[in-house]
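Scroll down for the structure; my scribbles are underneath it.
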Amino acid sequence: MIDDARPDAGAATYRGFLFSDIRGFTAFAERNGNAAAAERVARFLDLARAAISQHEGAEIKTEGDAIHAVFPSASMAVMCGLEIVEAAGRLAAAQPDGPLDLGVGVHAGEAVETDEGYIGTAVNIAARLCAAALPGEVLVTATVKGITQASIPVGFIARGRRKLKGIRDPIEVFAVTRDQTAYVSRTAPGRVVGGAILTALFVVVAIAVAVGSQGVPAPVPQPTATQPGPVAQRISIGVLNIGTYQSVNFQPAVTFDIQDTGWSASSDKAENLGLVRTTTPRGNVDFLRVREVIESPCGAGDGTSTDVGAADLLTQLQHLDHLTVSDPLTVRVGGFVGREAEVTVHDEALAACGGLASAGVTIFVVGSDDEVWSAASGERFRLTVVDVSGSAVSIVTSADWSVTPSVQELEQMFQLGDRIVGSVRF
């Protein structure tokens, strides 16, 4: 971890640093023109400056759609970051014609004040966290968490260790929330462009119980088509005990079995049903209604996107230079024939993105809300695509790549995902 307590030569001072900017701003300007873009920046700067003043901060500079501020303490910077994204949410509710998708990064440490602003590693880390933040998200470092967690009424959601551009060592990152028991899935984390503020967080209230050996249990026989299945429970966001569940909102409706402890539901929307595993091996099973494949790894607005359906989704992925897709296998899911392959993201997928890169390599646009499913550089995930009576359903099984999993952990995650996918009934 970066040690920011080392004193710099000269008049170094310890401060809290905040960066915030608008997500998808370039694409918005291209679609709507310069006048609309300037009006959007003005709205953002008004609410950001109000929050900075409220929390005793000082504006250092603005650059395009971004603002940089300094605070006497890390706590003030964190609370300002929350106020900025919450103010954007209130503005979106009052003026639904165009919500502001804002990201915030906060770090604290020593830096040298110059006529041009503050210079130091702490400033650079705050800027990189802002670039990695999802819409409506305030990202902070473990340093900030340690300083502030006992002094301000917030919670911290572990987001793993991140390799930030230009920073030598990986940084342990947390998302800040008002809810101290909240947990966020990686699945479809936010809109690429024009998205609503990400505020939905769900509660994990149970500690998973270890059962049997540390390996993955042997598969349990599934009911045949002639056998009546168990009564399905309606999914609620949070911990999923062993049993049978049915989606409430996802379409087409899907029923599946949870056969292992450690799973929770992170979302159940019409086009995104997310399951997250919170114990080792950590990962996700996401049921998605994919609308587009994002051809550029840097995100929408930096490349082109094309309409996609179940029949050609894997084919489109195979044509992307930054992905390797294994030969698809024919599978049967819930009584429907589908195709399945493993997708590997190249280690250098973001090399050409420069400062345009988001928190990960963008892969899919999901549903009508333009949510995005992203992967990490070097990540390998399993993709199953099924046409359910004309409705394309994509099922993604992935490990948690905030800390690169071992080969054994990845295979265990795939096996655990297979147990869920193998139990699916549409």
Legend entry - Length released on extending from Tyr14 to Gln318, taking residue separation times 0.36 nm less the Cα-Cα span: 104.5 nm
Legend entry - Integer Hz, Karplus 6.51/-1.76/1.60 couplings in order for the stretch 112-128, x for Gly and Pro: 9, 7, 10, 5, 8, x, 9, 10, x, 4, 4, 5, 4, 5, 4, 5, 5
Legend entry - Fewest-first sequence of Arg161, Arg332, Arg291 by Cβ atoms within 10 Å of each Cβ: Arg332, Arg161, Arg291
Legend entry - Those lysines that a straight Cα-Cα span of less than 23 Å connects to Lys269, excepting residues fewer than 8 apart in one chain: none
Legend entry - Placed amide H near Ser267: partners under 5 Å, 5+ positions off or other chain: Gly274
Legend entry - Segment Phe426-Arg31, length gained on full extension (0.36 nm per residue, minus Cα span): 138.4 nm
Inset, instruction - Give the shape of the stretch 331-415 as rounded, prolate or oblate, defined through the alpha-carbon gyration tensor: a ≥ b ≥ c are the square roots of its eigenvalues, a/c under 1.5 means rounded, and otherwise the shape is prolate if a/b is larger than b/c and oblate if not. - result: oblate
Inset, instruction - In whole Hz, with x marking every Gly and Pro, tabulate ³J(HN,Hα) for the stretch 396-405 from phi via Karplus 6.51 cos²θ - 1.76 cosθ + 1.60, θ = phi - 60°. - result: 10, 9, 9, 8, 7, 9, 5, 10, 3, x
Inset, instruction - Specify whether the C-alpha gyration tensor of the stretch 12-180 places it in the rounded, prolate or oblate class, a ≥ b ≥ c being the square roots of the eigenvalues: rounded for a/c under 1.5, otherwise prolate if a/b is larger than b/c and oblate if not. - result: prolate
Inset, instruction - Show me 376-382, 81-87 ranked by packing, highest mean number of other Cβ atoms within 10 Å first. - result: 81-87, 376-382
Inset, instruction - Return the long-range amide H neighbours of Arg291 (sequence gap of 5 or more, or a different chain), with a cut-off of under 5 Å between placed amide H atoms. - result: Val365, Val366, Gly367
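The numbers here are math on the coordinates, done by the rules we state, and not lab data. Worth saying up front: this structure is predicted, and the values here are computed from it rather than measured. Positions of Cβ are generated from backbone atoms using ideal geometry, with glycine treated the same way; all protein chains shown enter the neighbour counts.
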